[in-house]
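This report refers to the structure that appears directly beneath it.
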Amino acid sequence: MSAAGSVMPRVSAILRSRPFLTVAVVAAVWIVAGVTMRGFGAFGHLRYLVELAAVIGLVAAGQTFVVVAGGIDLSVAAIVTVSAVALPLLSLPGDPTGMSAVLATLALSTAIGLANGLGVAFLRVHPMIMTLAMATFLQGLLILIAGGTAISLDNPLVTWLGNARPAGIPVGILLWLAISAAVLVVMHATAFGARIFALGANPLAAALSGVPVNATTIAVYGISGFTAGLAGVLVLGMNGQGYVGIGDPYLLASIAAVVLGGTSILGGLGTYAGTMPGALLLVTITALITVVNASPGWRSILFGSLILGLLLLSGRESARR
Amino acid sequence: MSATTDTEGGRTIPLYWPVQANRNAGLGGLFVVVLLFAIAYGVLFPGLFTLSGFSKFTQSWFPLALVAMAQALLMLTGGISLAIGATVSLGAVIAATTMSGPLGVAGGSVVVALAGLGFGAATGLIVVKLRLPAIVVTLAGSFIVGGAALLILPRPGGAVPGWLSDLLAGNTPTAFVLLLAVALLWKLYLATPLGLGLYAAGDNPVGAYRSGVPVDAARIAAYAISGLLSTGAGLFVAAQTGSGDPVIGTAFTLNSIAAAVLGGIGFLGGQGTMRGAIAGSLLLSLMISVMFFLGFTPVAQYVAQGLIIIGAVALPQLRRLKR
């Protein structure tokens, strides 16, 4: 009796939660598209979709941290590009595995994220301005490094990361699952995670309650830089070459995935468990639009309209600010 | 909040200037920096003081000033738009496809204005009535508007009548006169009930609502006017280049936010003044011109622009912290 009484409300709470809603939408779209469209439901196609979602999911992992903490990171696309372009250049000749280049790239992208955090925390620059200015800055840097040319990849580790399929599952997906598990634990089962939510809900109250506001802020932007860098490495591995603009699609995608997953853009509320199906949903929408075979203009209109429609389902701000 | 709040017993005139001075407070530093950049620009490019040099500079500044106003208007109500750039593009392609056709310049301008007002009002309705976050709605909106621009003109082309290009972007300071006219219209708008409600809606929406301010209407009107200013900027850009380009406005999204924030407009609504936003856009445009004349490479321009924006935003904040 008591067991049933405590289980039932919990089940119904899960059924009504935003992450579950997003999963349900993805499942419904997959089933309908799988039945009505040839080839959509094939294992290879779905696996490809998840592989694409992994890149968005990685970028959106850091974005979720930042948004929950009450900020926003508009430099993720630039960081993805920087890491994809810089990695081939950072390779040491004496390292056959390519490990050192990957580590150097991740250190670089994390440093960029930390610099964002320092600006937001100590210079008190609004996150949107700080990260936009950082994106502008990086854009200049990229032209300096790469110019207009594509830089091809010669790194065994990154090639493996982008192409290997142990037991039929791409490494990218496994990497995404591992990072996701870590993100969920950090967000919902550590003191640091609790501080992020406190900071996003009410920075003043958080500071007065002893949350190290500056350190936490710097850390979330550092995490965002790290996951964007990781996504850059993965996308480089999948593409085989890095070029200026390779990361551009991931800015909108990361924010849309976060919001579609039910995380409040105002901060303090949300979970990465929603962002993950959010990323899948975005990739699925894009795939469906490609199938429709419309002109670029119509595709863009469809994409925007679908995101707007999905927002109505999941992104409502519950109360007037 | 406004110059017209106290008009009892004909005391409007004595009150007007103190209110204006109060609005200038906090912008002193910005005005000094703008002046320094203007002097630097004048030294580097003495042609600035001829009529055609002045005209050319104001023409490069004008569209940025319009989008800065469009963005500032929304930020004052507590909103924001990431669709400004796409809307500028939409205005440009509509101008380039309609004006040389049967509609003519007058008809084309009407279509451009209606498109801006219509898209802006639709965005405003969605944000305000459906209570969706503005940043995400306008991000999705930028895809819809950008797609519409691509449908109208898939690749750069179209044409704007030559006399219009000469009038707006020739050797006469038409753009500067237009900017003064827009600024004057803004002052008039602030005196209307919707204009008065603008600051109140951004500063304290609930309080404003309870005091009888038409909060929703003021915010929707702000989105509509913002759309109008953006497509207007697009029309001007089309006249400048003589043709339309479906992606020409992209950079304006970022620059409009940068100009508004440089001008002291706050993200939370209700803070800042339109004169600040216009000064911010002037600073940004002077900065780009000065760097161009100093022979900065595009790389150095990006890097310097990023650093200057951060510096300009951070310095007042740091000063406030010390106090």
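Please treat every number below as a calculation from the coordinates, not as lab data. In this text the structure is predicted, and so the values were computed from the model without any measurement. Here Cβ is always computed from backbone atoms with ideal geometry, including for glycine, and neighbour counts include all displayed protein chains.
Could you line up B:Thr138, B:Thr77 from fewest to most neighbouring Cβ atoms inside 10 Å?
Numbers: B:Thr138 26, B:Thr77 29.
With the sparsest Cβ surroundings first, the list reads B:Thr138, B:Thr77.
³J(HN,Hα) across segment A:291-305 via Karplus (A = 6.51, B = -1.76, C = 1.60, θ = phi - 60°), whole Hz, x for Gly/Pro?
5, 4, 6, 9, 6, x, x, 5, 4, 4, 5, 4, 4, x, 5
What is the distance in Å between the Cα centroid of segment A:200-237 and that of segment B:201-243?
Their Cα centres are 33 Å away from one another.
List the residues, sorted by chain then number, that are 5 or more residues from A:Ile151 or on another chain and whose placed amide H is less than 5 Å from its amide H.
A:Gly242, A:Tyr243
Take segment A:53-314, drop everything but the C-alpha atoms, weight them equally and run the Debye formula without solvent; then report log10 I(q)/I(0) at 0.15, 0.16 Å⁻¹ to two decimals.
Debye curve over Cα of segment A:53-314, log10 I(q)/I(0) at q = 0.15, 0.16 Å⁻¹: -1.08, -1.21.
Under a 10 Å cutoff between Cα atoms, tell me which one of A:Asp248, A:Asp95, A:Asp73 has the largest fluctuation in the Gaussian network model of chain A.
Maximum fluctuation in the GNM of chain A, among the listed residues, is at A:Asp95.
Going by average Cβ neighbours within 10 Å, how do the peptides B:91-99, A:47-55 rank, with the highest at the top? Don't jump to the answer; show the numbers that get you there.
Values: B:91-99: 28.4, A:47-55: 21.0.
The packing order, highest mean first, is B:91-99, A:47-55.
Using a 10 Å cut-off around each Cβ of peptide A:118-129, what is the average number of partner chain Cβ atoms that fall inside?
If you average over the peptide's residues, the count of other-chain Cβ atoms is 5.
Can you give the charge dipole size of segment A:53-314 about its Cα centre, rounded to the nearest 20 debye, using +1 on the beta carbon of Lys and Arg and -1 on the beta carbon of Asp and Glu?
On the way: 4 positive and 4 negative charges, 62 e Å.
So the magnitude is around 300 debye.
When a/c is below 1.5 the answer is rounded, else prolate if a/b is larger than b/c, else oblate, so apply that to segment A:89-146 with a ≥ b ≥ c taken from the square roots of the Cα gyration tensor eigenvalues. Walk me through the numbers before you get to the answer.
Values: a/c = 4.78, a/b = 2.01, b/c = 2.38.
Because a/c hits 1.5 or more and a/b fails to exceed b/c, segment A:89-146 counts as oblate.
Would you calculate the convex hull of the Cα atoms in segment B:58-309 and tell me its volume per residue in Å³?
Values: hull volume 30.1 nm³, N = 252.
Enclosed volume per residue, from the Cα hull, is 119 Å³.
Give me the inter-chain shielding for B:140-153: mean count of other chain Cβ atoms within 10 Å, whole number please.
Details: counts 13, 4, 3, 12, 8, 3, 6, 12, 5, 2, 7, 7, 1, 1.
What the average comes to for B:140-153 is 6.
Rounded to two decimals, what is the ratio between the C-alpha radius of gyration of segment A:1-116 and 2.2 N^0.38 Å? Please list the in-between numbers first.
Working: Rg = 20.9 Å, N = 116, 2.2 N^0.38 = 13.4 Å.
The value comes to 1.56.
Calculate the mean, over all residues of peptide B:125-136, of how many other protein chain Cβ atoms lie within 10 angstrom of the residue's Cβ.
Counting other chains' Cβ atoms within 10 Å and averaging over B:125-136 gives 4.
Would you give the gap between the C-alpha center of segment B:284-306 and the C-alpha center of segment B:96-113, rounded to a whole Å?
Between the Cα centres of segment B:284-306 and segment B:96-113 lies a distance of 35 Å.
Along its principal axes, what span do the Cα atoms of segment A:52-192 show, with the longest given first and each in whole Å?
That works out to 43, 40, 26 Å along the principal axes.
What three numbers, in Å, describe the spread of the alpha carbons of segment A:180-309 along their principal axes, ordered from the longest?
In descending order, the Cα extents are 55, 35, 24 Å.
Treating only the Cβ atoms of Lys and Arg (+1) and Asp and Glu (-1) as charged, compute the dipole magnitude of chain B about its Cα centre; round to the nearest 20 debye. All intermediate terms of the calculation are to be shown ahead of the outcome.
Working: 14 positive and 6 negative charges, 138 e Å.
That gives chain B a dipole magnitude of about 660 debye.
Whole-Hz ³J(HN,Hα) for each residue in segment B:73-84, computed from phi via Karplus 6.51 cos²θ - 1.76 cosθ + 1.60 with θ = phi - 60°, x for glycine and proline: what do you get?
Values per residue, Gly and Pro as x: 3, 6, 5, 5, 8, x, x, 6, 10, 9, 9, 4 Hz.
Pick from B:Gly120, B:Gly212, B:Gly197 the residue whose mean-square fluctuation is largest in a GNM of chain B, springs joining Cα atoms under 10 Å.
B:Gly212
Can you give the charge dipole size of the protein assembly as shown about its Cα centre, rounded to the nearest 20 debye, using +1 on the beta carbon of Lys and Arg and -1 on the beta carbon of Asp and Glu? Kindly include the intermediate steps, with their values, before the conclusion.
Values: 26 positive and 12 negative charges, 235 e Å.
Magnitude of the dipole: close to 1120 debye.
In whole Hz and in residue order, list the ³J(HN,Hα) couplings for segment B:182-191 that follow from phi through the Karplus curve 6.51 cos²θ - 1.76 cosθ + 1.60, θ = phi - 60°; x for Gly and Pro.
Values, residue by residue: 5, 4, 5, 4, 4, 4, 5, 5, 4, 7 Hz.
Using all Cα-Cα distances in the protein assembly as shown, what percent lands in each 20 angstrom bin from 0 up to the longest?
18, 52, 27, 3, 0
Going by average Cβ density within 10 Å per residue, which order do the peptides A:279-287, B:200-208 take, highest to lowest? Mind showing how you got there, number by number?
Details: A:279-287: 23.9, B:200-208: 19.7.
Those peptides, ordered most packed to least, come out A:279-287, B:200-208.
Just going by the charge dipole of the protein assembly as shown, with Lys and Arg at +1 and Asp and Glu at -1 on Cβ, which of B:Gly197, A:His126, A:Ala115 is farthest out on the positive end?
B:Gly197
Based on the mean of other beta carbon atoms within 10 Å per residue, what is the order of B:162-168, B:238-244, most packed first? Each step should come with its number before you reach the end.
Numbers: B:162-168: 15.1, B:238-244: 22.9.
Peptide ranking by packing, descending: B:238-244, B:162-168.
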